[in-house]
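To keep things clear, I will list the structure first and then write my remarks on it.
Nothing in this text is a laboratory measurement; each read-out follows from the coordinates by a stated rule. Nothing here was measured: the structure is a model prediction, and the numbers come from that model. When we count neighbours, we look across all protein chains shown, and the Cβ atoms used for this are built from the backbone with ideal geometry, even at glycine.
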Amino acid sequence: MQLDLSKRWFAWAMWRLAPRYDALLADRKRELLSQVSGTVVEIGPGTGTNFQYFPRGIRWIGLEPNRHMHPYLRLAAKSAGVAVEIRQSRAEDLELNDECIDTVVATAVLCTVQNPIRVLQEIRRVLKPSGRFVFIEHVAGEPGAQLRTLQRMIQPVWSCVADGCHPARDTAELITQAGFRPVFLDSFRIPLGPVSPHIAGIAVR
């Protein structure tokens with residue numbers, strides 16, 4: 001019961017706060033997400049802030065384990081004029097056939113999953129040959145930097161209020177070591193305190 005209330009609260013908070021975060025990433029989202037085509041799987045789509053960036057004509061499948069996000073997703077999809085298929089699946093088990101997806105999208109998702117290595121394996125499994133994994137993620141600070149120490153210190157509390165988010169996760173390294181070839185990755189910062197370091201890019205199956 002307590003966990004369900006937490007999930008419900010987080011969905012409401014995301015609905016209110018996600019547009020502010022989205023505004024900081026709008027240019028990069030516009031550049032990356034406007035290029036997708038075919039069947040697109042978005043893992044952890046949250047409240048649907050990415051709908052405005054997708055081109056028309058794609059087949060969109062959203063895998064969102066928090067069922068309290070689903071009403072917000074449908075509302076955002078209707079507003080954007082996007083037809084959606086929403087499934088309550090975890091990223092560690094995508095429940096999709098091998099090599100059937102053109103593009104997998106993740107924005108601020110790999111920080112929250114329990115097993116990011118397993119998630120990346122699943123993404124590679126479901127992508128068609130030459131399929132693309134498009135990502136924008138906040139990541140750990142530089143090794144030895146004060147920011148990285150701070151991220152580790154705040155993680156217990158941060159994870160509790162941010163749906164399991166790990167601010168000190170080295171997601172860039174995980175993606176580059178996951179077997180994608182090639183990987184196009186850009187590092188940048190946004191004014192967001194302990195989660196200011198970000199990466200964005202495309203990894204090819």
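Listed values, structure above:
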read-out	value
Hz values of 3J(HN,Hα) by residue in the range 34-41 - Karplus curve (6.51, -1.76, 1.60), Gly and Pro given as x	6, 8, 6, 7, x, 8, 10, 9
Karplus (6.51, -1.76, 1.60) ³J(HN,Hα), θ = phi - 60°, over the range 71-85, in Hz, Gly and Pro reported as x	x, 5, 4, 5, 5, 5, 5, 4, 5, 8, x, 10, 7, 10, 10
Share antiparallel - DSSP beta bridges, the chain, percent rounded to 5	45 percent
Set of aspartates and glutamates near residue 128 by C-alpha distance (under 19 Å), chain-local residues within fewer than 8 positions excluded	42, 92, 93, 95, 98, 99, 102
Karplus-derived HN-Hα couplings along the range 57-69 (A = 6.51, B = -1.76, C = 1.60, θ = phi - 60°), whole Hz, x at Gly and Pro	x, 7, 9, 9, 10, x, 10, 10, x, 8, 5, 6, 6
Charge dipole magnitude, Cβ of K and R +1, D and E -1 - the chain, Cα centre, debye nearest 20	340 debye
Environment charge at residue 24 (Cβ cut-off 13 Å; Lys +1, Arg +1, Asp -1, Glu -1)	+3
Under 5 Å, built H, 5+ apart or other chain: amide partners of residue 192	none
Hull shadow area, averaged, the chain [alpha-carbon convex hull, nm²]	10.7 nm²
The chain: relative contact order as a whole-number percent, Cα under 8 Å and 6+ apart	18 percent
Stokes-Einstein translational diffusion, the range 72-148 - Kirkwood Rh over all Cα pairs, 1.306 mPa s, 10 °C, in µm²/s	109 µm²/s
Most mobile listed residue (113, 161, 105) in the chain, GNM with C-alpha springs under 10 Å	161
For the range 36-110: rounded, prolate or oblate by the Cα gyration tensor [a/c cutoff 1.5]	oblate
Intensity falloff of the range 1-81 expressed as log10 I(q)/I(0), Debye formula with alpha-carbon point scatterers, at q = 0.11, 0.14, 0.23, 0.26 Å⁻¹	-0.30, -0.48, -1.16, -1.36
Residue 162 long-range amide H proximity, modeled H, under 5 Å	none
Residue (of 86, 113, 43) at the positive-pole extreme of the chain, dipole from beta-carbon charges	86
